[in-house]
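Q: This is the structure, below, for whatever I ask next.
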Amino acid sequence: MVKSLVPEHIEGLVPYPPGKPLSELKRELGISDAIKLASNENALGPSPCAMDAIREALPEMHRYPDGGVFYLRRALSERLDVAPEQLVFGNGSNELIELLVRTFGGPQAGILTSQSTFVVYRLIAQAAGIPFEAAPMPRESLTFDLDAIAERVTAATRLIFLCNPNNPTGTMFPPAQLESFLERVGDEPIVVLDEAYIEYVRPDWRPNALSIVARRPRTVVLRTFSKAYGLAGVRIGYGITSAAIANYLERVRQPFNTNHLAQVGALAALDDNDHLERVLASTQEGMDLLVRGLSSLGLNPVPSHTNFVLFQVKCDGREVFDALLRKGVIVRPMHAYELPNHLRVNVGLPEENQRFLDALTQVVA
């Protein structure tokens, strides 16, 4: 049997549960107008400039992509005021998480993060057979307890993942708390600031992550074009770190790990500030509507700094999830995050947000 060949840490893995394609769910449910608000996607979609750039690049699909990501690297280097060699690129920021774990983790070099955070940290660590620990997250605030994480740092801690804002709770710790945490843990472990949703955060809440990289070389900042820039389907993310850490990640990554269409789309999206501002304004308007509606139903929406909101129901979340699904509204249950009475919904188009609230009102009634 194949099972006898599989290491114990792989045998115990539970695959990440992907959602079915929207077209298949529509077919199964017999609903022609199902809406998906489960994956924290950008409802307005990518910049028209990005779509034009991708269309223009289609005739070049028989060519391998630029393995050095030259043009996007140069543009981000200028925008962020960092050296080109401080940037690393991945097939979404997920790949960069995996590269970090594979490069710096080991049997005696573990990973530390929080309970109820991005499940991929744990999945990648377990797949690589690397020790993993999650500090408790207070249930009343659903925010990272940085003190609890700092207390668990040992000489064997190699990577600390801090998702800020956090997925799936939408919560955030302020810059002052981050500074205190960094002072407490010292310069030894690599601290990874996962900022996949940073564009949605108000400027006064954003930590100056790049200044931290400048003074603390063992820091990595992860960002993505999947969320606010609307390029989730082509998969491209990037990391900002010291040249030394980037150099080792470059040794481990596969050649051509970011595809050509993603590179040209991201480069064009980066320059379309008008579209980004429309996305942010639409997201805030939709978030305000969702929070008001959820609050009126007594469902305790968690204050969010992202394009999604977590809320608590008075039963097992799967029951509400299934009832909404039958009405053609797809959200995300939170059992994988140890939040069995919670659901997560992302901001959609105005009519989608209202339809979700109308369906939820009927379900909870």
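Q: So for the chain, considering every pair of alpha-carbon atoms, how many percent are separated by more than 36 Å?
A: Of all Cα-Cα distances in the chain, 22 percent exceed 36 Å.
Q: Continuing with this model, one more query. For the range 48-271, what relative contact order do you get, as a whole percent, if you take Cα pairs closer than 8 Å and at least 6 residues apart?
A: 30 percent
Q: Mind jotting down the distance between the C-alpha centroids of the range 40-66 and the range 291-361, whole Å?
A: 31 Å
Q: Could you count how many Lys pairs in the chain have their Cα atoms under 18 Å apart, skipping same-chain pairs fewer than 8 positions apart?
A: 6
Q: A further question on this structure: Let's see if you can work this out: charge +1 on each Lys and Arg Cβ, -1 on each Asp and Glu Cβ, no other charges. What is the dipole magnitude of the chain about its Cα centre, in debye to the nearest 20?
A: Numbers: 35 positive and 42 negative charges, 118 e Å.
With Lys and Arg at +1 and Asp and Glu at -1, about 560 debye.
Q: Obtain the radius of gyration and the Kirkwood radius of the range 77-136 from its C-alpha atoms and give Rg over Rh.
A: Reported Rg/Rh (Cα atoms, Kirkwood Rh): 1.07.
Q: Can you tell me the convex hull volume per residue for the range 1-84, based on C-alpha atoms, in Å³ to the nearest whole number?
A: Hull volume normalised by residue count: 290 Å³.
Q: What are the residues whose amide H is under 5 Å from the amide H of A196, where those residues sit 5 or more places off or on another chain and H is modelled from the backbone?
A: Those lying under 5 Å, H to H, from A196 are N164.
Q: Select from the range 190-288 those chymotrypsin sites (Phe, Trp or Tyr not before Pro) which occupy a DSSP coil region and have at most 13 other Cβ atoms within 10 Å, ordered by residue number.
A: F256
Q: Here is a follow-up. In whole Å, what are the extents of the range 230-365 along the principal axes defined by its C-alpha atoms, from largest to smallest?
A: Largest first, the range 230-365 extends 55, 35, 26 Å along its Cα principal axes.
Q: Rounded to the nearest 500, what is the chain's calculated 222 nm mean residue ellipticity when only DSSP H runs of at least 4 contribute -39500 (n - 2.57) each, over all residues?
A: Calculated at 222 nm, the ellipticity per residue is -12000 deg cm²/dmol.
Q: Taking the dipole about the Cα centre of the chain, with the C-beta of Lys and Arg at +1 and of Asp and Glu at -1, give me whichever of V302, A135, N42 is farthest to the positive side.
A: A135
Q: Let me ask something else about it. Of A244, A196, A50, which is the most mobile in a GNM of the chain whose springs link Cα atoms less than 10 angstrom apart?
A: Fluctuation is largest for A244.
Q: Quick one: grab the alpha carbon gyration tensor of the range 66-204, order the square roots of its eigenvalues as a ≥ b ≥ c, and give me rounded if a/c is under 1.5, else prolate or oblate depending on whether a/b is larger than b/c. Write down the numbers at each step before the final one.
A: Details: a/c = 1.69, a/b = 1.26, b/c = 1.34.
Judged from the Cα gyration tensor, the range 66-204 comes out oblate (a/c at least 1.5, b/c at or above a/b).
Q: Same structure again: Taking every pair of alpha-carbon atoms in the range 139-180, what share in percent sits in each 10 Å bin, from 0 to the bin with the longest distance?
A: 24, 55, 21, 0
Q: Another question, if that's okay. List the residues, sorted by chain then number, that are 5 or more residues from V220 or on another chain and whose placed amide H is less than 5 Å from its amide H.
A: Long-range HN contacts for V220: V191, V192, L193.
Q: Please sort by residue number the GluC sites (Glu not before Pro) in the range 139-188 whose DSSP state is loop and whose Cβ has at most 15 other Cβ atoms within 10 Å. It would help to have the intermediate numbers written out before the result.
A: On the way: sites: E140, E151, E179, E183; in loops: E140.
Those that pass, being in a loop and sparsely packed, are E140.
Q: Taking the Cβ of P48 as the centre, find all other residues whose Cβ is under 15 Å away and add up their charges (Lys, Arg: +1; Asp, Glu: -1).
A: -4
Q: Just the C-alpha atoms of the range 182-236: what Rg/Rh do they give, with Rh taken as the Kirkwood radius?
A: 1.04
Q: Considering only the chain, what is the antiparallel percent among its DSSP beta bridges, to the nearest 5?
A: 50 percent
Q: Let me ask something else about it. Dividing the alpha-carbon Rg of the range 1-152 by 2.2 N^0.38 Å yields what?
A: Scaled against compact globular proteins, the figure is 1.39.
No lab work stands behind these numbers, since they all come straight from the coordinates. Treat the numbers as computed from the prediction; the structure is a model and nothing was measured. A quick note on method: Cβ atoms are made from the backbone with ideal geometry, for glycine too, and the neighbour counts reach across all protein chains shown.
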